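K.L.:
Have a look at this one.
The values are calculated or read from the model by the stated rules, or taken from the named source; none is laboratory data. The shown structure was predicted, so the numbers you read here are calculated from the model rather than taken from an experiment. With ideal geometry, Cβ positions are generated from the backbone for all residues, glycine too; neighbour counts draw on all protein chains shown. Quick note on the areas: whole protein, heavy atoms, side chains included, nothing else; ligands and nucleic acids left out. Shrake-Rupley method; radii C 1.70, N 1.55, O 1.52, S 1.80 Å.
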Amino acid sequence: MQSDGERSSRDDEVVVLTGAAPSSTQRLLALVVVPGVLLLLFAVTRPFATTQWPRVPAFVPIETSALFVIDLITAVILFSQCSILRSRALLMIANGYLFAALILIPYLLAFPGLFTPDGALMGGLQSTAWLYILKHCGLAASMTGFALLSHRAPRAAERDGRFPPIFLSIAATAVLVAALGTLCIAGHGLLPIVATDGRRFSANWILYAGVPISVLYGLAVSLLWPQRTTILGLWLWLVASVHLAGVPIAFFGPSSRFSIGWYTVVIINLVANSLVLVVLLVEVSNLYSRLLEAVRAQRAERQARLFTGDAVAAMIAHEVKQPLAAMIMRARTSARTLSAPAPDLAKARDSLDRIAADGLRAAEVIDSIRANFKQGQRPSTVVDINKLIADTVSLMQADLRKRRIRVRTRLETLGLAAPGNPTQLQQVLVNLITNAAEATSVAGAAPPLELRAHAREDGKVLVSVADFGAGVSEQHLERIFDPLYTTKPSGMGMGLSICRSIIEAHGGRIWASPNNPNGAVFQFTLPAATRP
């Protein structure tokens with residue numbers, strides 16, 4: 001069995017470049033489209049590779065500056081990924097791109113004819129050529145190192161304290177570039193001759209440049225091929241392949257600067273190095289988008305939990321308030337009865353029995369609220385709707401008498417039965433009758449409340465509670481059953497929401513409509529059952 005740490009590590013790698021799999025579009029671009037375009041370009045330019053074109057003075061500084069910026073930004077992004085993942089493979093390739101960027105500085109300063117008409121700003125004839133060779137050899141070597149380190153299975157070893165400091169590796173790369181730049185510039189007279197003048201290269205160009213570059217890029221291509229299952233591995237493989245494919249144009253035949261072959265290779269190298277940067281930027285943007293979606297989902301989940309907690313608290317307070325109020329009232333009645341000069345023990349005993357009954361009802365209400373949030377089938381029985389209505393009216397008689405509210409019932413004598421939980425269905429009736437009584441009291445209306453129940457032809461039992469109070473405006477009818485939504489100044493907004501939850505859990509439907517001439521009618525249906 002895999003540990004939670006292993007699963008978490010593997011899940012983390014899915015959203016990073018070293019672990020995420022490339023999409024089908026990326027595979028198509030990297031394995032078919034880009035190689036096809038390059039192959040077509042090579043086929044067109046290869047016959048004219050040695051043809052000289054006019055020298056464009058601004059081309060070299062523009063191309064080199066662009067390549068410097070591209071490689072440097074790529075290195076920065078890779079270092080940032082490395083600081084999070086603490087991956088030695090990422091550290092290797094990040095330093096490779098940093099090396100390729102920094103070495104362009106002495107390369108540009110030593111380029112012949114760029115700053116002075118007859119020579120270079122510093123160095124000699126061989127400096128730029130050897131810096132070019134070292135640049136490609138260093139980048140190819142870092143790709144090879146990335147492929148070798150990526151084969152290592154245990155990632156946990158890279159997350160301990162032995163991971164090399166990133167800033168130390170950056171400093172080492174900068175020192176290496178400074179040393180090689182000094183060697184190529186100050187010691188240009190000691191370097192093997194690979195350039196005969198500012199344009200043409202010697203016959204040794206193939207031996208000193210073509211062979212090591214092709215060998216290192218070929219090794220990188222072969223080792224990166226198994227890494228094509230990841231985004232970064234796939235595109236690094238393509239970059240190495242592009243540089244390897246440029247060897248036939250750049251190093252075979254009479255090689256020279258400012259030829260069609262030279263311009264082609266320089267532009268292709270620029271495009272190749274841009275590929276990884278573009279992929280990095282796109283994937284970082286996608287990662288940010290996924291992170292934003294995750295944050296929004298987490299925030300929505302937190303709000304839902306808070307909303308659910310508020311709803312549960314309001315539901316409990318709303319439903320338990322009525323039996324508790326009845327218990328308090330009857331307890332006070334019993335106390336007054338027992339403290340009278342001639343205590344009425346029978347009346348006190350009756351009040352105490354009612355207090356016990358209200359306590360049991362409060363417990364049943366709490367159990368029914370818990371059942372609303374439980375998964376699975378709720379326990380139910382066949383409920384006699386007529387008896388349920390009569391018991392509910394009797395239960396609320398004291399409160400209705402206090403409000404001076406009369407209730408008129410119109411019930412069918414036979415067949416009014418439905419499967420369900422009697423406590424929950426009684427909750428619905430208590431809520432609806434209480435709301436109707438409050439609306440009637442506020443409006444000061446004399447007509448009584450009407451409770452009706454009858455069987456419909458579609459096999460449903462219809463129960464309605466009508467009042468002649470203030471009514472419900474049309475703008476509130478659509479939201480009146482939403483949780484925590486109320487039109488009453490002291491309401492909690494949970495009563496009708498609880499009613500809807502209970503009725504829908506019983507396979508029915510509840511709705512409200514205006515009464516004629518005034519007031520409101522709340523109706524609900526339940527599946528009919530055979531009367532017990």
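K.L.:
Measure off 7 Å from each Cα along the Cα-to-Cβ vector at Ala390 and Ile105, then give the distance between these two points in nanometres to one decimal.
P.N.:
Placing both labels 7 Å along Cα→Cβ, they lie 9.9 nm apart.
K.L.:
Non-local amide H neighbours of Ala195 (under 5 Å, H modeled in plane, Pro and chain starts lacking H): which ones?
P.N.:
Ser202
K.L.:
Which residues in region 199-239 place their backbone N less than 15 Å from a point set 7 Å from the Cα of Phe59 along the Cα-to-Cβ direction?
P.N.:
199-200
K.L.:
R0 = 25 Å: FRET efficiency of Trp225 with Ile267, Cβ-based, nearest 0.05? Write down the numbers at each step before the final one.
P.N.:
On the way: r = 26 Å, r/R0 = 1.03.
FRET efficiency, Trp225 to Ile267: 0.45.
K.L.:
If each residue of separation counts as 0.36 nm, what is the full-extension length gain between Ser441 and Arg403 once their alpha-carbon separation is subtracted?
P.N.:
Numbers: separation 38, 0.36 × 38 = 13.68 nm, distance 0.68 nm.
Taking 0.36 nm per residue and subtracting the Cα distance, the gain is 13.0 nm.
K.L.:
Here's a follow-up. Could you tell me what percent of the accessible area of region 64-120 is made up of carbon and sulfur, with a 1.4 Å probe and every protein chain present?
P.N.:
On the way: 1430 of 1970 Å².
Looking at region 64-120 in its full context, I get 73 percent from C and S.
K.L.:
Once the mean 1/r over all distinct Cα pairs of region 23-124 is inverted, what Kirkwood radius in angstroms do you read off?
P.N.:
Working: mean 1/r = 0.0592 Å⁻¹.
Hydrodynamic radius (Kirkwood, Cα only) of region 23-124 equals 16.9 Å.
K.L.:
Here's another thing I want to ask about it. Quick check: residue separation of Ser24 and Val175 times 0.36 nm, minus the Cα distance between them. What number comes out in nm? Display every interim value, and only then the final one.
P.N.:
Values: separation 151, 0.36 × 151 = 54.36 nm, distance 4.11 nm.
That works out to 50.2 nm of additional length.
K.L.:
Now a separate question. Starting from the 7 Å offset along Cα-to-Cβ, what nm value, one decimal, do you get for the label separation of Leu148 and Thr423?
P.N.:
7.3
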